[in-house]
Amino acid sequence: MQSLTNISEIKDLLSRHGFSFSKALGQNFLINPSVCPRMAMSCGADENTGVLEIGPGIGVLTRELAKVAARVAAIEIDGRLLPVLNETLAGYDNISLIHGDVMELDLQEIINREFGGMRTVICANLPYYITSPILMKLLESRLPVDSITVMVQKEAADRICAKPGTRECGAVTLAVWYYSEPQKLFPVSRGSFMPAPNVDSAVIRLNIRKNPPCEVKDEKAMFRLIKAAFGQRRKTLPNSLMGAGLSRDEAISLLDAAGIPRQARAEQLTLEQFAELANIMSV
Ligand code: SAM
């Protein structure tokens with residue numbers, strides 16, 4: 001069985017299949033032999049678990065997941081990689097390959113079909129061009145999964161795992177915090193990939209919450225406020241909240257009713273305070 005972290009073996013494999021890397025699809029494949037086993041060990045999979053992988057590439061992480069999990073279903077958008085994967089994963093009988101765009105597929109249906117009620121986790125080295133939309137889709141669809149372990153750009157990891165109410169946080173921090181408890185696992189240097197990207201990476205794990213950390217009557221309204229506030233994060237809230245369709249006076253009354261200073265900016269608010277604003281609006 002060929003090594004999927006040996007550069008000359010990978011080059012030979014890819015040239016036999018006439019494959020060239022697509023930058024647009026975020027194709028940076030892992031070649032550091034210690035990273036995939038470590039991800040597979042830390043994603044919480046065991047012999048009773050199904051793992052959903054997004055973007056298997058040439059299958060380097062897929063193989064490691066298949067060794068620890070009961071089943072792996074891997075979704076790959078690039079049809080040119082399917083013959084490659086059929087070769088590299090030939091010895092494994094617990095892997096299903098699904099050709100498609102993760103943003104278009106019905107993931108709930110895939111999980112039911114592939115894992116039929118088995119405990120499920122998600123594990124992936126995400127394509128960087130679409131990290132936030134993928135994470136938001138995974139979280140908002142409320143999939144029946146225990147955790148999501150993903151490799152993302154280091155800066156994205158810092159933002160996602162920041163504490164709400166601190167300077168490092170963004171709209172994605174609050175959304176992630178609402179659905180899960182994020183945890184930084186370990187850093188991965190840019191030299192661990194082929195081709196090497198211009199940035200370093202990190203592996204994070206989102207432990208899905210059973211219940212949200214605060215009560216919100218209208219989640220959509222809360223996320224509209226969060227998006228507007230962080231969309232203009234340097235402005236004070238009476239100005240930035242106008243992006244959510246409020247007039248400046250309405251925004252001021254809302255902040256006053258919630259006891260939030262008029263000079264506050266998005267990054268100073270906790271999730272509970274955004275929930276409070278949305279709850280006052282929906283009375
Ligand atoms: N897992 C492999 C590894 O660690 O070496 C490859 C990771 S590479 C960073 C991202 C992979 O996601 C590529 O194989 C790419 O073709 C695939 N991909 C990109 N966009 C996708 C999408 N929308 N849906 C599914 N797969 C996608």
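Below, the figures for the structure above:
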item: Positive minus negative residues near ILE111 (Lys, Arg vs Asp, Glu; Cβ under 14 Å); result: 0
item: Extension gain (nm, one decimal) between GLN2 and ASP249, 0.36 nm per residue minus Cα-Cα; result: 82.3 nm
item: The chain - Cys residues lacking any other Cys C-beta under 4.7 Å; result: CYS36, CYS161, CYS169, CYS214
item: When the convex hull of its Cα atoms is projected in every direction, mean area for the range 7-208 (nm²); result: 10.4
item: Length added when fully stretched, ASN112-GLU181, from 0.36 nm per residue minus Cα-Cα; result: 22.4 nm
item: Three-way shape label, the range 115-201, alpha-carbon gyration tensor, a/c 1.5; result: oblate
item: Around ALA275: net Lys/Arg minus Asp/Glu count, Cβ-Cβ under 12 Å; result: -4
item: Contour minus Cα-Cα distance for TYR92 and MET242 (0.36 nm per residue); result: 48.5 nm
item: Cβ-defined net charge surrounding ASP158, 12 Å radius [Lys, Arg +1; Asp, Glu -1]; result: +2
item: Net dipole in debye of the chain [+1 Lys, Arg Cβ; -1 Asp, Glu Cβ; about Cα centre; nearest 20]; result: 740
item: Dipole moment magnitude, nearest 20 debye, the range 92-180 about Cα centre, only Lys, Arg, Asp, Glu C-beta charged; result: 380
item: Cβ crowding within 10 Å averaged over residues, with 185-195, 237-247 ranked highest first; result: 237-247, 185-195
item: All-pairs Cα distance distribution in the range 219-282, expressed in whole percent, bin size 10 Å; result: 26, 67, 6
item: Mean separation of Cα contacts under 8 Å (6+ apart) over length of the chain, as relative contact order %; result: 15
item: Positive-end extreme of charge dipole, the chain - chosen from THR166, ILE31, TYR178 (charges on Cβ); result: THR166
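We did not get these values from a lab; they are worked out from the coordinates using the rules stated. Since the model is a prediction, treat every value here as computed from it, not as a measurement. Cβ sites come from the backbone with ideal geometry, for glycine too, and all protein chains shown count toward neighbours.
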